[in-house]
Amino acid sequence: MAFEKICTLDDIWEGDMNSFDLNGVEVLLVWPSGGEIKAYQGVCPHQDIPLCEGKFDGKVIMCRAHQWTFDANSGRGINPGGCRLAQYPAKILGDDILVEVGSTVTLHSL
């Protein structure tokens with residue numbers, strides 16, 4: 001698959017997160033404070049709870065269900081540490097945010 005437009009820069013702000021559907025794949029866009037826009041799987045690897053229903057403080061994504069936390073810059077699990085969010089390639093072209101969801105995304109869990 002190729003990069004496709006998921007939204008524009010007007011749809012997400014630095015220090016914010018938002019969920020988007022791209023070809024049937026739920027993608028969580030996060031813009032960490034002082035960092036670059038990242039695209040991750042849209043559900044928690046623990047129990048498939050939508051991550052957009054959780055909290056984001058600009059650095060850490062927290063699932064609402066069991067408070068699993070993930071580093072917004074890397075997708076690495078903080079609590080617990082043995083998991084990771086699947087990450088999709090993302091880039092900015094003009095005012096558009098493009099994401100490539102591909103077909104080989106693996107969800108990582110404990």
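Just so you know, all these numbers are worked out from the coordinates, no wet-lab data involved. What you see is a predicted model, and the numbers here were worked out from it, not measured in a lab. Neighbour counts run over all protein chains shown; Cβ positions are idealised from the backbone, glycine included.
In Å, what Kirkwood hydrodynamic radius results for region 1-54 from the alpha-carbon pair distances?
Numbers: mean 1/r = 0.0852 Å⁻¹.
Computed over Cα pairs of region 1-54, the Kirkwood hydrodynamic radius comes out at 11.7 Å.
Among Y40, Y88, which comes first, second and so on when ranked by fewest other beta-carbon atoms within 10 Å?
So the residues, fewest neighbours to most, are Y88, Y40.
Step by step: find N for the chain, compute 2.2 N^0.38 Å, then divide the Cα radius of gyration by it. What's the final number?
Compared with the compact-globule rule of thumb, the chain sits at 0.97.
Calculate, in nm to one decimal, what H66 and D95 gain on full extension: separation in residues at 0.36 nm each, minus their alpha carbon distance. Show your work: numbers first, answer last.
Values: separation 29, 0.36 × 29 = 10.44 nm, distance 3.53 nm.
Length gained between H66 and D95: 6.9 nm.
Using unit Cβ charges (K, R positive; D, E negative) and no other charged atoms, how large, in debye to the nearest 20, is the dipole of the chain about its Cα centre? Don't skip to the answer; put the middle values down first.
Working: 8 positive and 15 negative charges, 102 e Å.
Using only the charged Cβ atoms, the result is roughly 500 debye.
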